[in-house]
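A.B. asks: What follows is a structure written as structure tokens; I'll ask about it next.
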Amino acid sequence: MSGRDQSEVDPGIASALSQALSRLVVEGGDLQRVVEEVGGLLGAGVLVTSSDGRVRARTVTPGVDEVLQAGDWIDESGRFRVERAAAAPGRLAKGEVRMMRVASDGVDLARLVACRSDRVFTAQEIEALDLPAAIAALLLTREDAVTGVENKYQADFLRDLLLGRPGHEAYVEEHLTAFGWDLTRPAFVVCAEIDSEGPDEEAASNQQHREWQERFARAWRQVVRELAPESPLADVSSEVVCLLPTGEGRDPHQVVRRVVSAVAGDKGGGRRSFTVGVGRESRSLTDLPGAYAQARRSVEIGRRLSGRGSTTFFDELGVHRLIALVPDPAELQAFATDVLGPLASSTTEAIDLRATLQVLLDTNFNVAEAARSQFFHYNTMRYRVGKLERLLGPLSSDPHLRLDAALALRVLDLKP
């Protein structure tokens, strides 16, 4: 079929597709076979992607692939830029890119993309794409039902490992073998959470949140599977948790950042911002609970210190890492209030004076340098130093008091 004269438009394309795809469904064909059959009949490249463009199955000739790359249809992470064809067909040399929504019972499942660089699609060919879109919806629904059960089973087991309640040794070994997970290698525990809606966004429904989380988890699975197929990964509640291996001459920080970059892509296609936390290296099952707690804490601290979309390593938190180990937030707040007094409040004056205090601490109370940093006159900075010392004590002469003040400011960094 693929060897026929592609300049001819087959008037029976709908019938040919119907026969071929019906046979594939009966034979138990998967998405890859569907796109290959459709691509052969249409003489076109065909892809099935997630709703945000992550490719799940594809068949594209080298020539068309080159035109797609040259036309910036593929981002650096391999994501197909579905948003470019969302409103209207996209141009592709002398041809075009056509995209159809794949849905089932109103649930958005995927996108079916057909692309050809030598000529546009006929009305009959476009209409014929309805059938492969319906078949794709059927296969995806079936696949998601099966993998959903498997993923839930894996998530429950991994959660038990991360919370320090794995069960007896034989039970653990049996499950690790069944899942194909290798926990003998040192690894980082990585925790990723989708950020909540921004101030300019409308609150999403619970159904929308579930769709975001499922799509997010699928993206992580695809990327991690390509990099480290024996690494555990699970969608645990509202977060995705995985173990990324270290060693083998690889910079573990680069490995984590590479995965995060691949999952994020260029944030097109409706991708959501997410925050990542990374615990210390885990070398055994007994290390996992502590590393998981550090990863979750790193998400929280990273979001407060660096904002949405950050990646934070527990080992790089500095003194924030020690503060994070204090289990009682009320005790931390009490410490900050005792040290800073009225400067611990959220008034404009208190915030302004805290900024001045931080600059003075950073310059070892060099008044002239601090004044230059804040673009103040020297006498203005001297006045501020006097005011700070009246409120807090002899900061310029007492190194212990300066240390307490520095720690109290770091505590306030983490205040919700």
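The values are calculated or read from the model by the stated rules, or taken from the named source; none is laboratory data. Quick caveat: nothing in here was measured; it's all calculated off a predicted structure. FYI the Cβ positions are ideal-geometry reconstructions off the backbone, even for glycines, and counts take in every protein chain you see. Only protein heavy atoms, including side chains, enter the accessible area calculation; ligands, DNA and RNA are left aside. Shrake-Rupley method; radii C 1.70, N 1.55, O 1.52, S 1.80 Å.
A.B. asks: So, GLY341, is that one on the phi > 0 side of the Ramachandran plot and out of contact with any Pro (no Cβ under 9 Å at 6 or more places or on another chain) or not? Explain how you work it out, then say what you get.
C.D. replies: Values: on the phi > 0 side of the Ramachandran plot: yes; out of contact with any Pro (no Cβ under 9 Å at 6 or more places or on another chain): yes.
Answer is yes for this residue.
A.B. asks: Examine region 355-373 for a residue that is out of contact with any Phe, Trp or Tyr (no Cβ under 9 Å at 6 or more places or on another chain), surrounded by 14 or more Cβ atoms within 10 Å (Cβ to Cβ), on the phi > 0 side of the Ramachandran plot and not in a helix (DSSP H, G or I), and state whether such a residue exists.
C.D. replies: Yes, the conditions are met somewhere in region 355-373.
A.B. asks: Related question: Scan (1) β-branched (Val, Ile, Thr); (2) within 17 Å of VAL38 (Cα to Cα); (3) under 25 Å from the mean Cα position of the chain (by Cα) for the single condition THR141 breaks and write down its number.
C.D. replies: (2)
A.B. asks: Which number in (1) open to solvent by less than 30 Å² (accessible area, probe 1.4 Å); (2) in a helix (DSSP H, G or I) marks the one condition that THR312 misses?
C.D. replies: All conditions are met except number (2).
A.B. asks: Any residue in region 258-268 that is farther than 24 Å from ARG218 by Cβ and open to solvent by 20 Å² or more (accessible area, probe 1.4 Å)?
C.D. replies: no
A.B. asks: Here's another thing I want to ask about it. Quick one: which residue in ALA20, ALA86 is open to solvent by less than 10 Å² (accessible area, probe 1.4 Å) and free of Cβ contacts under 8 Å to residues at least 24 places away in the same chain? Steps first, answer last, please.
C.D. replies: Values: ALA86 fails: open to solvent by less than 10 Å² (accessible area, probe 1.4 Å).
Answer to the check: ALA20.
A.B. asks: Taking PRO252 and the conditions (1) at pLDDT below 85; (2) open to solvent by less than 20 Å² (accessible area, probe 1.4 Å); (3) not aliphatic (A, V, I, L, M), which numbered condition does it fall short on, given that it satisfies the others?
C.D. replies: Exception for PRO252: condition (2).
A.B. asks: Further question on the same structure: Does at least one position in region 214-226 carry a residue that is surrounded by 15 or more Cβ atoms within 10 Å (Cβ to Cβ) and part of a loop (DSSP other than H, G, I, E, B)?
C.D. replies: no
A.B. asks: Provide a single number: the residues in region 192-209 that are part of a strand (DSSP E or B) and either surrounded by fewer than 16 Cβ atoms within 10 Å (Cβ to Cβ) or without any contact (Cβ under 8 Å) to a residue 12 or more places away in the chain (or both). Before the answer, list the steps.
C.D. replies: Initially, region 192-209 is screened for residues part of a strand (DSSP E or B), giving 192-194.
Subsequent filtering for residues that are either surrounded by fewer than 16 Cβ atoms within 10 Å (Cβ to Cβ) or without any contact (Cβ under 8 Å) to a residue 12 or more places away in the chain (or both) retains none.
Adding up the residues that qualify gives 0.
A.B. asks: Pick from region 104-125 the residues that are open to solvent by 40 Å² or more (accessible area, probe 1.4 Å) and of a type in the set (A, V, I, L, M, F, W, C): which of them is farthest from ASP65 (Cα to Cα)?
C.D. replies: VAL107
A.B. asks: Could we say that THR141 is free of Cβ contacts under 8 Å to residues at least 40 places away in the same chain and either open to solvent by less than 70 Å² (accessible area, probe 1.4 Å) or under 30 Å from SER284 (Cα atoms) (or both) here? Steps first, answer last, please.
C.D. replies: Numbers: free of Cβ contacts under 8 Å to residues at least 40 places away in the same chain: yes; either open to solvent by less than 70 Å² (accessible area, probe 1.4 Å) or under 30 Å from SER284 (Cα atoms) (or both): yes.
Spelling it out, THR141 is indeed free of Cβ contacts under 8 Å to residues at least 40 places away in the same chain and either open to solvent by less than 70 Å² (accessible area, probe 1.4 Å) or under 30 Å from SER284 (Cα atoms) (or both).
A.B. asks: Only one of (1) in a loop (DSSP other than H, G, I, E, B); (2) open to solvent by less than 80 Å² (accessible area, probe 1.4 Å) is not met by ALA330, so which one is it?
C.D. replies: Just one mismatch for ALA330, condition (1).
A.B. asks: I'm trying to understand the selection: among the residues of region 175-191, which are within 20 Å of GLU150 (Cβ to Cβ), aliphatic (A, V, I, L, M) and either part of a strand (DSSP E or B) or touching a residue at least 24 places away in the same chain (Cβ under 8 Å) (or both)? Walk me through how you get there before you give the answer.
C.D. replies: Of region 175-191, the ones within 20 Å of GLU150 (Cβ to Cβ) are 175-183.
This time we only want the ones that are aliphatic (A, V, I, L, M), so: 176, 178, 183.
Across region 175-191, the qualifying residue is only LEU183.
A.B. asks: Could you list, in sequence order, the residues of region 222-238 that are in contact (Cβ under 8 Å) with a residue 60 or more places away in the chain and of a type in the set (D, E, K, R)?
C.D. replies: Residue satisfying the conditions is ASP235 alone.
A.B. asks: On to the next question. Hey, could you check region 23-55 for residues that are outside any helix (DSSP H, G or I) and small (Gly, Ala, Ser) and say which is surrounded by the fewest Cβ atoms within 10 Å (Cβ to Cβ)?
C.D. replies: Initial filter on region 23-55 (outside any helix (DSSP H, G or I)): 28-30, 43-55.
In the following step, the residues that additionally are small (Gly, Ala, Ser) were identified as 28-29, 43-45, 50-51, 53.
Working: GLY28: 8, GLY29: 17, GLY43: 22, ALA44: 27, GLY45: 24, SER50: 24, SER51: 18, GLY53: 29.
Applying the filter and picking the extreme gives GLY28.
A.B. asks: Quick check, is ALA128 within 20 Å of GLN32 (Cα to Cα) and loosely packed, with under 15 Cβ neighbours inside 10 Å? Walk me through how you get there before you give the answer.
C.D. replies: Details: within 20 Å of GLN32 (Cα to Cα): yes; loosely packed, with under 15 Cβ neighbours inside 10 Å: no.
Criteria not met by ALA128.
A.B. asks: So, in region 293-305, how many residues would count as being open to solvent by 10 Å² or more (accessible area, probe 1.4 Å), at pLDDT 85 or above and more than 14 Å from the chain's Cα centre (by Cα)?
C.D. replies: As a first pass, look at region 293-305 and keep what is open to solvent by 10 Å² or more (accessible area, probe 1.4 Å): 293-294, 296-297, 300, 303-305.
So of that shortlist, the ones also at pLDDT 85 or above come out as 293-294, 296-297, 300, 303.
From what is left, the residues that are more than 14 Å from the chain's Cα centre (by Cα) are 293-294, 296-297, 300.
Here the count works out to 5.
A.B. asks: Next question. Return the total of residues in region 56-103 being within 27 Å of the chain's Cα centre (by Cα), part of a loop (DSSP other than H, G, I, E, B) and of a type outside the set (A, V, I, L, M, F, W, C).
C.D. replies: Just the residues of region 56-103 that are within 27 Å of the chain's Cα centre (by Cα), to begin with: 56-59, 65, 68-87, 99-103.
Right, trim to part of a loop (DSSP other than H, G, I, E, B) and you get 71-73, 75-79, 81, 86-87.
When the remaining residues are screened for being of a type outside the set (A, V, I, L, M, F, W, C), the result is 71-72, 75-79, 81.
Result for region 56-103: 8.
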